[in-house]
Structures are given as structure tokens and as C-alpha cells.
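Any read-out appearing in this document is the output of simple, stated calculations on the displayed coordinates, not a laboratory observation. Note that this is a predicted model, so its numbers are computed, not measured. Here Cβ is always computed from backbone atoms with ideal geometry, including for glycine, and neighbour counts include all displayed protein chains.
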Amino acid sequence: MNFESRHLTALGLAVGLLAAATPARAQAEAPVDGQDAADILNALTLDAPAPQASAAGPRGPQSMNPDLSFILDGALAGFSQAPDQRGGHDPAKNGFNLQQLELSVKSVVDPFWRFDANLVFSQFGVEVEEAYATSLALPSDLQLRAGQFLTRFGRLNPTHPHSWEFVDQPLVLGKFFGGEGNRGLGTELSWLSPLPWYLEVVGSATEAGGASTARSFFGAQDLGVQGPLDLQVTGAIKQFFPLSDAWSLSWGLSGATGPNSSGRANRSDLYGTDLYLKYRSVAGADPTVIGLTCEALARNRQVPGAVLSDAGGYASAFWKFDPSWAIAARYESVTGTANDPLDPEWTGTRQRASANLTYWPSEFSRIRLQGSADLRRWVSEPTYAAMLAFETVIGAHGAHAF
Amino acid sequence: MRKWISGLLLGGLVTLFPLSAEAKVKVVATLPTLAAIAREVGGDAVEVTSLAGPNQDAHFVDARPNLALALNKADVLMVNGLELEAGWLPVLLTGSRNSRIQPGAAGYLDASSLVPLKQIPQQKIDRGMGDIHPGGNPHYLTDPRNGGRVAVGIAAKLASLDPANAAGFKRRANALKADAEAIASSQSKRFADLQVVERHVVTYHNSWIYFLDWLNLIAIGTIEPKPGISPDPGHVAWLLGHMRKVHADVIMQEAYYPTRIGSLLASKAQATLVVLPGGADFAGGQSYLDYVKELTDKTYAGVVKDTGR
């Protein structure tokens, strides 16, 4: 632990001492004893921080401003009959659709936190999609997030439209979580296990209400939080297996529980599993990327006099065959219940098949043509849709999770 | 009594010290070339991992969770910097939960701070110019003199983390720097025989400026119309005409770019396509200077083959 070159506050010192005491962290150095710690704390209250070494080379302009980026998603869409799109940013009407304008603001706050916010502009308003702080220096491989965030249930829910392979959100996420997916104000704690492969355990508690989220819970009929049991609790286990340099497999198990809008004592339980298999060559100029995604969800909701059970999922395949071109296909199936007081418009099974072609003029823009056939059991004819979607990114290009 | 306690403490230290001295410093480098330098400087006192492979485009690396796992265990992170890793490193760094290697912490080294940089934009920039790097051209390790500078910086960083081995780090870094400078001067003498017209070079991406300046080669165009933008027919046609007019002997590109346009231009403009590794073959045990020699030998062979010398 190189204390001389570190800015240490009392908290930093505590974390530093804890790290120094962990055998795996030990370097070839003398241990720090209680007297050292007291001297350091004493000196810190008297002295200004030590100056940092200056960079040797000439540098470009520096700035303390956060990284900003704007992402515009829009689509020209046509539907063969009245559509029933479930995602909050899906093209949902004939003609031009402004799916979203996302302003992403990111920065490290101090040595202990970073801050990320995604503000989404529609034509008529602004919403705080996400705004959260993430800890950078918790001991024992723990990490804390606090604020408004998309919960890490499943593979697609924590992501934003610009990292999706399709123009619209899977039906099951819209039906079970709401148009904005599963998100809320709350806190998340995650832990990276010391196992030799990647195994992360995530748990969060969030508000169970919201007009376009937490739909299986309080949703739009928010009964308010009176005790800890009125929060939505979400848990997940994320595992990753690098099968080879080119092949990757990730597997997640997720669950969520909380009260629903049919009464504070009535609970909803959601279960999910997701599997993602990816091929991407790391040798030579092969542009091929193949991604296979499966995600399945099931839920039980207590309502007065009954327990409603339904399930749904999707499977998709993505094939990038050229540095600028890719095709993708997706199949979805979601069940429904005839007498569902919480979702009366969805009375039976719904299936949808979609295919799309994507072209990237550069890393910062994307044009997609997507077609789909949507068969709702309670509507006699399938709904056919065609969408021409356009996306541009300006500013600092945010890094994407795997 | 006090003597007894201090004797016990000292004894404890003596028995603990060899244990901790054997613990190797865990170095994670983003790029294999940087990893190769770190391995040579660190010797047996370090354990080095590279996040990217030699044939991966460092602009686009998948943020695979196993890379976050490597960062979680790292004592020091060495990055190329200048936003080369901006598309994938930040998410891994946050996911690593490792406060010792965050930017600004003792275990973080941005190697670009150790070398004189080229192509720092002086005018206002925007992405209409392609994917350009506001801090300067990030491909500085293709010039061995920069590799030597980075080696010395790595030695200083490792010495601050593992003072017991500081002398060894310094000695190996100075040796690498001296060898790198010797190779730099012998290779530039070798290339000095070339005629002006033989010095004309086309590259795929604007990633060879340090290499070309060092060997006094002249870039006459890139296959990409702008950095990060795929070639289009109009630009390729212009480049072919330009190559025929000013005569270019060699087309250089990293192995991770497609070779279709390069081979076509080579056959139509009587040039040689030289496909070069994108980084040192760190996993295969290649040293930094062997990588530099591979770059120069293949480039020189391309020129000589073309001119028939």
C-alpha cells in the first residue's frame, strides 16, 4: 500500500487498512500498525494532499466535465392493423415515431463513487430513466448502487435500446415489468465471488410502484410503502464462462418478489433465467459475430380468491457477417389469463416473430429494417409490422457491458 | 520487556517478509504489446495478463466478464490511454470493484503519459473527421524508442509497488531501453538506403504514424477514408489513381482489418500488401523487440520485393 502517493481520508484509510490486512492483497512491504494509522490520520488533518506527479508528454485539452452523449432513436413504422406494442420506446403507431432521445451523463465523483444518469426525452417531456451512484472502493468485492436504476433482472432488462439487437422490447418484459422495464428508486448490493470463474450475486430493493414499471407489483396503482415488505426485492446470480477466446457463455438466474396492486398482502413472484452464447473471433480480420439469446420468465400473482400464473420468453439469433452488416431473428411467446383483473386486455397466448437487417455507416450510427408478424389469440388476424429505424450517437461513446 | 516485544515483532517480520516478498505483483495490461514490455521489465517478480489479444482491434474488445475478474485481482493496471480503450475498459474497471487500479490510484499507469505524442488535434474537432482521438494518435508503441520510454515508466511504477525489487526493474528497463534505441537506429539506417519514391506507403488505418516517422517513410493515403470509417468505392478509386500517380510500394495493415481491398489495390497498383500483427504475440512468448523487428522486417521485405532489390 503506497500511502505516500495516496489521498487518504479517514474512510479511505479504513478501506486501505482493511485491504492491507487481507492476505491476498499483501505486497512486499512493511505492515501498517495502529501507530502508523494514527500518525497518518493526524497528518491528514494538518497537511494538504501530496502533489501528484505531472505527466511527461504534451497533453490535449483536459476537462473535469462529465462525459456526455446524446442518442437519438427514431423509426418510420407501418402496421397492418391497430398495434399493441408493450415497450415504452417501441414504435407504436403508423408513421414517424420518436422512440427516444437519451442524454447520458457519466463521471467519476471522487475516489469512492461514480455517477451515471440517463435522462430520456420524448417529444412532450423528460423522464429520469436512471440516475445512480456506484461505489468504487468497497472492501470484500462488494459494490453498492443507489438511486434510480434498471434492476439487474435477466439479460435485457438492465440495458438500453441502443444496445438491443431489435427495434422493440420483448413482449414479456413489457407485460411483466412495464414499458420502461423493471426499474425504480432503491439500493442494490452486489458481490463478486472469489470462485475461479465469474459468479456475481446481486440483490436490490426498489419502490414497487410506477406508471410504466413494476407492473406486476404496485405499478400504476401505487399503494405506497408502509414497511419493508412493500418494497420490490430483486435478486440475481450472474455467471460467465469463457469457453474459448472466441466463445462466451453467460447464464443468469433471477427472481423478484413484492406486493401487488390487488392488495398490500397479495404478493407477486417472478422467476427468470437467461442464457447468452456468443461467438466472436479474436484472430485476424474475421468480422463474424454470432449471438444466441434465450430468456424465459414465469410469474405467480396472488389476487383475491386466486393465484394467477403465466409465463413467457423469447429466443433470438444475431449474425454479423460483415463489419457493417448484420441480420437477426427473434421468436417470442407469452401466455395470458382469461380473467386477469390486473391485465384484462391480454386474455390468451401471444406469439410474435421478427427479423431485421442492420447497417452501420460508422460506429456512431445505425439503420435497421425490421419486420414482424404478431399473432394475438384474442385477435383473429395477425398484425404485420414494418419499421425503418435510425439511430445516431454523439459525444463520449459510453462503454457497454458484455 | 520492551526489548522482548520488539524482538518478537522483528522475528515476526522476518518470518513474514520472505512470504510476502514471494508474492508476485499482478500486472494487467490492456494491450499485448504493453504486457510484453511489462513482462520484460518485471521479470520473475510480476505476473502479467493482457486483456486484448494481438489480433484484436484494440478499439473494439468485448467487455467479457472474465476480464473484469482479471482486473479484480490486479495490483496494477497499465493502459495505452488516449481513449483507445474507451469503448470497453470503463465498464470493466467499474465492474472490477478494485479501488487500487482506478485512474488516479497508485496501481494505475497510463503509458501515453510517458511518451511524446503525435497528431494532437490543434483545431476544433468533431466526428465528421471520423473516430479521431482528442489526446493524440494512440498507436505510439510501434516506435521502439517509445517502448523504451514506457519500459522506464513501468519500472518506476513497479518499484513504487514492490520496492524490494526496484533495482531489478530499473536494470531490466534500462537494458530494454538501450536495446530499443539500438534497434531504432540500426533499422532507420537500413531504411535510409531507400529512394524517396520507395518510401511511399499506404496504410489501412491511421495507426502507423510513429512507425513511419521513425523510419522516414511517407504516408500517401489510408484505405479508410477517415479513421474508423469503412472504405467506399469512390475513395478506393481515388486512392488507386493516387497510388498509380505517385507510386506506392507498400500497403501496410494490421491483421485484424479485412484484406480484400488491400489485395485488390496491391495487384492493380503493383504494390505489396504487408499484413502485420496488431500487437506483440504476448501469449506466444514474443518479446517487445522481436515484435518491433517483425514489423520492420516484414515492411522492408515488402518494399524490397516490390522494387526487386
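At 7 Å along the Cα-to-beta-carbon direction for both B:ALA301 and B:HIS242, put a label point, then send me their distance in nm to one decimal.
Once both label points are built, they end up 2.8 nm from each other.
For the protein assembly as shown, just say rounded, prolate or oblate: build the C-alpha gyration tensor, square-root its eigenvalues into a ≥ b ≥ c, call rounded for a/c under 1.5, and beyond that prolate if a/b exceeds b/c, oblate if not. Walk me through the numbers before you get to the answer.
Numbers: a/c = 2.38, a/b = 1.23, b/c = 1.94.
In terms of gyration-tensor shape, oblate.
Summing -39500 (n - 2.57) over the DSSP H runs of n ≥ 4 in chain A and dividing by its residue number, what mean residue ellipticity at 222 nm do you reach, to the nearest 500 deg cm²/dmol? Write out the running numbers ahead of the final one.
On the way: 3 runs with 31 residues, N = 402.
Result for chain A, helices only: -2500 deg cm²/dmol.
Compute the signed sum of charges (Lys and Arg +1, Asp and Glu -1) over the other residues within less than 12 Å, Cβ to Cβ, of A:PHE153.
So the surrounding residues net to +2.
May I ask for the angle, rounded to the nearest 10°, between helix A:10-21 and the longest principal axis of chain A, with both axes built from Cα atoms and the value confined to 0 to 90°?
Here the helix axis deviates by roughly 90 degrees.
For the pair B:LYS293 and A:ALA353, what calculated FRET efficiency results from E = 1/(1 + (r/R0)^6), where r is the Cβ-Cβ distance and R0 = 60 Å, to the nearest 0.05?
Here the calculated transfer efficiency is 0.60.
For peptide A:354-365, what's the mean number of Cβ atoms from other chains within 10 Å of each residue's Cβ?
For peptide A:354-365, the averaged partner shielding equals 2.
Could you work out the mean count of beta carbons from other protein chains within 10 Å of each residue's beta carbon in B:24-33?
Whole-number average of other-chain Cβ neighbours for B:24-33 is 1.
Using packing as a proxy for protection, rank B:103-111, B:81-89, A:91-99 so that the peptide with the highest average count of other Cβ atoms within 10 Å comes first.
Ranking, from highest mean packing down: B:81-89, B:103-111, A:91-99.
For chain B, modelled as a GNM with alpha-carbon contacts under 10 angstrom, which of B:ASP290, B:ASP281, B:ASP143 fluctuates the most?
B:ASP290
Quick check on segment B:101-208: take the gyration tensor over C-alpha atoms, sort the square-rooted eigenvalues as a ≥ b ≥ c, and tell me if it's rounded (a/c under 1.5), prolate or oblate.
Oblate, because a/c is 1.5 or more while a/b does not exceed b/c.
Assuming a strict under-26 Å limit between Cα atoms, what lysine pair count do you get for chain A once near-sequence pairs (fewer than 8 apart, same chain) are dropped?
6
If you take each beta carbon of peptide B:222-228 and count the beta carbons of other chains within 10 angstrom, what is the mean?
1
Give me the angle, in degrees from 0 to 90, between the Cα long axis of helix A:34-46 and the longest principal axis of the Cα atoms of chain A, rounded to the nearest 10.
Tilt relative to chain A: about 80 degrees.
Sort chain B into rounded, prolate or oblate with this rule: let a ≥ b ≥ c be the square roots of the eigenvalues of the Cα gyration tensor; rounded if a/c is under 1.5, and if a/c is not under 1.5, prolate when a/b is larger than b/c, oblate otherwise.
Taking the square roots of the gyration eigenvalues as a ≥ b ≥ c, chain B is prolate.
For chain A, set up a GNM with springs between Cα atoms under 10 Å and report which of A:ASP36, A:ASP340, A:ASP168 has the largest fluctuation.
A:ASP36
Assigning unit charges at the beta carbon (Lys, Arg +1; Asp, Glu -1) and nothing else, what dipole magnitude in debye, to the nearest 20, does chain B show about its Cα centre?
Around 560 debye, computed over chain B.
In debye to the nearest 20, how big a dipole does the protein assembly as shown give about its Cα centre with +1 on each Lys and Arg Cβ and -1 on each Asp and Glu Cβ?
Charge dipole, the protein assembly as shown, about its Cα centre: 860 debye, nearest 20.
Neighbouring Cβ atoms within 10 Å as the yardstick, rank B:LEU34, B:LEU239, B:LEU92, A:LEU144 fewest first.
A:LEU144, B:LEU239, B:LEU92, B:LEU34
For chain A, calculate the relative contact order in percent as a whole number, restricting contacts to Cα pairs under 8 Å that are 6 or more residues apart.
Rounded, it is 12 percent for chain A.
Taking K and R as +1 and D and E as -1, what net charge do the other residues with C-beta under 13 Å from the C-beta of B:PRO90 add up to?
On the way: positive: A:LYS106, A:ARG114; negative: A:ASP67, A:ASP116, B:GLU83, B:GLU85.
Counting the neighbours of B:PRO90, the net charge comes to -2.
Using 1/(1 + (r/R0)^6) with R0 = 30 angstrom and r between the beta carbons of A:LEU199 and B:ASP44, what's the FRET efficiency to the nearest 0.05? Mind showing how you got there, number by number?
On the way: r = 31 Å, r/R0 = 1.04.
With a Förster radius of 30 Å, E is 0.45.
What's the FRET efficiency of B:ALA164 with A:SER163 using the Cβ-Cβ distance as r and R₀ = 51 Å, to the nearest 0.05?
In this case the efficiency is close to 0.65.
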